[in-house]
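Here's the structure, in C-alpha cells; my notes come after.
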Amino acid sequence: MTDLILAEISSNISLRQLNTFRVKANAASFLQINDVAELDARAHELACSNQRFVLGGGSNLLFIGDYPGLVLFPQLFGKQILEQNEKTVKLRIAASENWHEFVKYCLNEGYFGLENLALIPGTVGAAPVQNIGAYGVEVEQFINHIECFDLENGQKLTLTKNQCEFAYRDSFIKRAGQGRYLVTHVVFDLCKTPKPVLTYKPLKNAFQSLSKVSPIDVFEEVCRIRREKLPDPKELPNAGSFFKNPVVTEAKYHQLISKHPSLVGFPVDSLKLKLYKIAAGWLIDNAGFKGMMTGKIGVHKHQALVIVNYSDTNGENIWNLAKTIIDKIQHIYGIELEPEVRILGR
Ligand SMILES: Cc1cc2nc3c(=O)[nH]c(=O)nc-3n(C[C@H](O)[C@H](O)[C@H](O)COP(=O)(O)OP(=O)(O)OC[C@H]3O[C@@H](n4cnc5c(N)ncnc54)[C@H](O)[C@@H]3O)c2cc1C
C-alpha cells in the first residue's frame, strides 16, 4: 500500500467558478478528495466538522452568501465493468465522472437506456441525489446500488435501489441531511438491446415518420431540443429548472383547470392517490414572468422554469426573484412552488 499524503484543508476559497450561476461565494473551509482512502484517513476529522456539504459540478445550487462550513469536493474518477452477458452490463462509475460524457461513453459501447438523459450538466455522483430525469426517463430506472461514505461515522456503505427511496427529484441521500453521505460510486444496470423511450411528446412527434428509431437518434434529438430550449450555463449562467413541478390533489386540479383551461397538468400514474403534476413552467409563464428581466437577472425567454444570471455576482438577488415568483404563484393559483435548486450559504 502506498503512503497517503493528506492535503491541508484550505480556508476561505472562492466557489465562483464552481457553481453554474457564477455567483460569488467563499467556503470557510474546502477540501478536495482525490481518493476514497483519503476519506478513511480523515474519517474522524470529517465527523467532527459540524457543517459540511458535498460539491459536484455546482449545477443544481444557488449560493446566497458565503458557505460557513466545510465544502468537500470529490475528484474520484474511473469506469469499471462489473458483469456482463449478451443482454446486459453492470457498470461501476466513480462519482466525479461527467454525466454527459458517461452517457456518450455508454452509447459508443452499445450500453443503452441513458440516452434520454443526455446533456444534463453535472457529475455521476450527483445524479442519484435528485434522481435526475428528463424526456420520460429517470436515472433510478438504471441504478442497481450506490456506494457512499458516511461522513458522520466514517463507515462505507452500500445503498440498494430500494434504500435510495427514489422519488421525483428526490432520494434518501437528498433528504437524509446535508453533507452526511458522500457518494463515491454509482452502479448501473444497462441494456445491450436498444429500447428507445419515446413517451415524451416532442420526441414521439420527431420520430413519427420513422419505422425504426435508434438510441443514437434519441440522443441526438434530445441534445437538439435541449440546445434549442435551454441556455448553456457556460454562456448564460443558470442552474436549470429552478422549481419542481408541483403536485396537487384531483379536486385542486379540477378547480384550476376550470379557471385556466390551458393549464398543463397530468395525472401522477405511480400513485393511486389521484394526484396531478402541474407544469411549473406554465404557471410561471402564465403569471407573466417568462422573458422578464430585473437588474442583471431574469427568467429565460424560452423556458420559464429557468432563472438566468446575465451578470450579477450576488446570489441573494437571484433568490429574491425566486421568492417573488413563489409569492405570485401562491397568490394567483394557491400553489406553493418548491425550489429544485439547493439554496446554500445562510
Ligand atoms: C442547463 C441545465 C439543465 C439541467 N437539466 C436537468 C434535467 O433535465 N434534469 C435534471 O434532473 N436536472 C437538470 N439539471 C440540474 C443538474 O444538472 C442536476 O441536478 C445534476 O445532477 C447536478 O449535478 P452536479 O454534479 O452539478 O451537482 P451539484 O450541483 O454540485 O450538487 C447537487 C446536489 O447533489 C449533492 N452532491 C453532488 N455530488 C455529490 C456526491 N458525490 N455525493 C453526495 N452528494 C453529492 C450536493 O450536495 C447537492 O445537494 C440541469 C442543470 C442545468 C444547469
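Residues whose amide H falls under 5 Å from that of ALA239, counting only those 5 or more places apart or on a different chain, are ILE307, with hydrogens built in the peptide plane.
If you take the Cα centroid of the stretch 246-268 and the Cα centroid of the stretch 63-117, the two points sit 36 Å apart.
When a 1.4 Å probe is rolled over the protein heavy atoms, the share of accessible surface on the chain that falls to carbon and sulfur comes to 49 percent.
Rounded, prolate or oblate: pick one for the stretch 79-191, where a ≥ b ≥ c are the square roots of the eigenvalues of its C-alpha gyration tensor, a/c under 1.5 means rounded, and failing that, prolate if a/b is larger than b/c, else oblate. Since a/c reaches 1.5 and a/b is larger than b/c, the shape of the stretch 79-191 is classed as prolate.
The residue among PRO202, LEU82, VAL186 whose Cα reaches farthest toward the positive pole of the charge dipole of the chain, with charges on the beta-carbon of Lys, Arg, Asp and Glu, is PRO202. Scanning residues 5 or more positions from GLU138 or on other chains, none has an amide H under 5 Å from its amide H, with H placed 1.01 Å from N in the peptide plane. Remark: the chain carries 49 Å² of accessible area per residue (probe radius 1.4 Å; ligands, DNA and RNA excluded). Annotation: amide H-H contacts under 5 Å for ILE143 (H modelled 1.01 Å from N, sequence separation of 5 or more, or interchain): ASP189. Largest to smallest in accessible area, the residues ASP217, ASP66 fall in the order ASP66, ASP217 (1.4 Å probe, all protein chains included).
Contact order for the stretch 79-191, expressed relative to its length and based on alpha carbon pairs under 8 Å spaced 6+ residues apart, stands at 32 percent. From helices alone, the chain scores -7000 deg cm²/dmol at 222 nm; the rule is -39500 (n - 2.57) for each run of n ≥ 4 DSSP H residues, then divide by the residue total. Which FRET efficiency, nearest 0.05, do ASP170 and CYS223 yield, Cβ-Cβ r, R0 30 Å? Plugging the Cβ-Cβ distance into 1/(1 + (r/R0)^6) gives 0.70. Residues in the stretch 118-135 carry Karplus couplings, in order, of 4, 6, 6, x, x, 10, 5, x, 7, 4, x, 4, 10, 6, 3, x, 5, 6 Hz; the curve used is 6.51 cos²θ - 1.76 cosθ + 1.60 with θ = phi - 60°, and Gly or Pro positions show x.
Each of LEU91, TYR111, GLY125 was placed along the dipole of the stretch 79-191 (beta-carbon charges, centred on the mean Cα), and the one lying farthest toward the positive end is GLY125. Comparing LEU273, LEU76, LEU230 in a Gaussian network model of the chain, where Cα atoms under 10 Å apart are tied by springs, the biggest mean-square fluctuation is seen for LEU273. Model label sites at GLU45 and ASN85, defined 7 Å from Cα along the beta-carbon direction, differ in position by 4.6 nm. For LYS212, the lysines whose Cα comes closer than 25 Å to its Cα, not counting residues fewer than 8 places off in the same chain, are LYS87, LYS104, LYS192, LYS195, LYS201, LYS204. Taking ILE143, ILE335, ILE64 as the candidate residues, the one with maximal mean-square fluctuation in a Gaussian network model of the chain, Cα springs under 10 Å, is ILE335. The residue list THR294, ALA239, LEU4 was ranked by how far each Cα lies along the charge dipole of the chain toward its positive end, using unit charges on Cβ atoms, and THR294 comes out on top. Peptides 77-84, 54-61 ranked from most to least packed give 54-61, 77-84, packing being the mean of other C-beta atoms within 10 angstrom over each peptide's residues.
Rounded to the nearest whole Hz, the Karplus-based 3J(HN,Hα) values (6.51 cos²θ - 1.76 cosθ + 1.60, θ = phi - 60°) of the stretch 49-54 follow the sequence 6, 8, 9, 9, 8, 9, with x at glycine and proline.
Simple point charges give the picture: +1 on the Cβ of Lys and Arg, -1 on the Cβ of Asp and Glu, and for the chain a dipole about the Cα centre of about 1160 debye. Lysine pairs in the stretch 238-344 with alpha-carbon atoms under 13 Å apart, 8 or more places apart or on different chains: how many are there? Count of close lysine pairs: 4. The slack in the chain from LEU273 to LYS204, taken as 0.36 nm per residue of separation less the alpha-carbon distance, amounts to 22.0 nm. Normalising the average separation of contacting C-alpha pairs (under 8 angstrom, six or more residues apart) by the number of residues puts the relative contact order of the stretch 10-74 at 43 percent. Within the stretch 237-290, the percentage of alpha carbon pairs spaced more than 16 angstrom apart rounds to 45%. Stretched out straight at 0.36 nm per residue, the stretch from GLU152 to LEU4 would grow longer than its current Cα-Cα span by 51.1 nm. Under a model in which nothing but the beta-carbon of Lys, Arg (+1) and Asp, Glu (-1) is charged, the stretch 79-191 shows a dipole of about 160 debye around its Cα centre. Of the DSSP H helices in the chain, none is both long (alpha-carbon extent of 30 Å or more along the helix axis) and hydrophobic (Kyte-Doolittle mean at least 1.6).
The modelled label-to-label distance between LYS234 and THR160, using points 7 Å beyond Cα along the C-beta direction, is 4.2 nm.
The values are calculated or read from the model by the stated rules, or taken from the named source; none is laboratory data. All values reported here derive from a predicted model rather than from experimental measurement. Using ideal geometry, Cβ is built from the backbone for each residue, glycine included, and neighbour counts are taken over all protein chains shown. Surface accessibility is based on the protein's heavy atoms, side chains included, excluding ligands, DNA and RNA. Shrake-Rupley method; radii C 1.70, N 1.55, O 1.52, S 1.80 Å.
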